[in-house]
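What follows is a set of notes on a single structure, which appears directly below.
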Amino acid sequence: MLNVTNEIQKAFNGDAWHGNHAMQTLNNVKAEIAFEYFIPNAHSIAEIALHLISWTEEVTSRLMGNVASEPALGDWPIPESKTAQAWEKIIFDFKVANEELIRCCGELKNNQFDNELIDKLNPALEAGISNEELLNGLVQHHAYHCGQIALLSKFE
């Protein structure tokens, strides 16, 4: 379905109605603050960005027909290092993950957006969610966490 793919594109690097798209939000973060903990028991901006990458890659995997599971990188990956180069790599990896997702969406036929996922996480569900619902969820996930990043970046 072209409409949901368009929404993914807008959330990633397009004209998002809620404000800055995800790439702009990440690019506005200075490397010096990306790894800081501004709120006790909360994640750093870098951790949130890695979480976004992780789930974007998992959604792509599910769209490719793989069984739904925890992301390969884990739910909340920890940054390998806390340098400006590490922050640049996180932004680059986010870009690549989203470009791959959009490419994968472009390969789906319209009727495949209605296909239900094979859900290893919750086998008790009689009916899983569709690919379209999955993608809409990721759009919301991007918006939610980008809002967190935008707020955290004001602590500098």
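Here are the numbers for the structure shown:
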{"item": "Selection from the range 52-76 of residues that are touching a helix residue (DSSP H, G or I) at 6+ places or on another chain (Cβ under 7 Å) and either part of a helix (DSSP H, G or I) or of a type in the set (Lys, Arg) (or both)", "result": "52, 53, 55, 56, 57, 59, 60, 62, 63"}
{"item": "Pairs, first within 10 Å of residue 56 (Cα to Cα) in the range 91-104, second surrounded by 14 or more Cβ atoms within 10 Å (Cβ to Cβ) and of a type in the set (Gly, Ala, Ser), C-beta under 8 Å, six or more apart", "result": "94/22; 94/49; 98/22"}
{"item": "Residue in the range 32-53 that is of a type in the set (D, E, K, R) and loosely packed, with under 13 Cβ neighbours inside 10 Å present", "result": "yes"}
{"item": "Residue that is modelled with pLDDT of 95 or more and touching a Lys or Arg at 6+ places or on another chain (Cβ under 9 Å), where the choices are 46, 86, 68, 97", "result": "46"}
{"item": "Residues satisfying the stated conditions in the range 21-41, i.e. in a loop (DSSP other than H, G, I, E, B), touching a residue at least 40 places away in the same chain (Cβ under 8 Å) and farther than 15 Å from residue 95 by Cβ", "result": "30, 35, 36, 38, 39"}
{"item": "Out of 108, 63, sole residue that is in contact with a Cys (Cβ under 6 Å, 6 or more places away or on another chain), modelled with pLDDT under 95 and not charged (D, E, K, R)", "result": "63"}
{"item": "Flag if residue 49 is touching a Leu at 6+ places or on another chain (Cβ under 9 Å), more than 17 Å from residue 92 (Cβ to Cβ), assigned to a helix (DSSP H, G or I) and hydrophobic (A, V, I, L, M, F, W, C)", "result": "no"}
{"item": "Residues being touching a Ser or Thr at 6+ places or on another chain (Cβ under 9 Å) and surrounded by 13 or more Cβ atoms within 10 Å (Cβ to Cβ) - total across the range 90-106", "result": "8"}
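The values are calculated or read from the model by the stated rules, or taken from the named source; none is laboratory data. What you are looking at is a predicted structure, and each value in this text was computed from that prediction instead of being measured. So basically every Cβ, Gly included, is an ideal-geometry build from the backbone, and we count neighbours across all protein chains shown.
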